[in-house]
């Protein structure tokens, strides 16, 4: 027990202790919300919720990578940034594929489920973004983590708009449109992270 307490104390008082603690918190919250949104999106037949759930899973992987490389040399944090960009792009393409499938096999999603779960996810991601905000300019590792959290907030707002659109029109198109927009947002951020990582690799050589 004393060894565990000593290890925890060293962790919290080290240079990267606060960052590690925040990354662990947002990692756990994103994994929880991935399951909540994924199950709810499948039951409600919502492309926007499924897109946001996949975004949450991708972000959880990114937070995990950020946590893993936080004490490694800067070059490894930069390489991890490139890997994160690739992960984000793959998830975005997966969401686009899901949207195309639902165009031909559509069902009107449950707007009330979308609204409730989207609102819960928004509150969760606002908290995560707040925790990561003070570290966003430290390095590419933390900047990429903060960008993921910011994108989640925007995606959650999109889900709420989609829920309103579905309730108003009785159509599945608002839901599909938001899913595609979320995918585009993820792709844009992944390109930005990749560009920053390449620039940092040039500066390190």
Legend entry - Pairs of Cα atoms farther than 23 Å apart, region 16-204, %: 39 percent
Inset, instruction - Could you tell me which of rounded, prolate or oblate describes region 107-205, using a ≥ b ≥ c as the square roots of the eigenvalues of the alpha-carbon gyration tensor, with rounded for a/c under 1.5 and, failing that, prolate when a/b is larger than b/c and oblate otherwise? - result: oblate
Legend entry - Nearest-0.05 FRET efficiency for residue 83 and residue 39, computed from C-beta distance (R0 45 Å): 0.95
Inset, instruction - Quote to one decimal, in nm, the extra length available between residue 120 and residue 154 on full extension: 0.36 nm per residue of separation minus the C-alpha distance between them. - result: 10.9 nm
Inset, instruction - Between residue 136 and residue 108, take the C-beta separation as r, use R0 = 45 Å, and let me know the FRET efficiency to the nearest 0.05. - result: 0.70
Legend entry - residue 195/residue 68 FRET efficiency (R0 25 Å; Cβ-Cβ; nearest 0.05): 0.65
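Throughout, read-outs are computed from the coordinates displayed, never taken from laboratory work. Since this is a predicted model, take the numbers as computed values, not measurements. We place every Cβ from the backbone using ideal geometry, glycine too, and count neighbours over all the protein chains shown.
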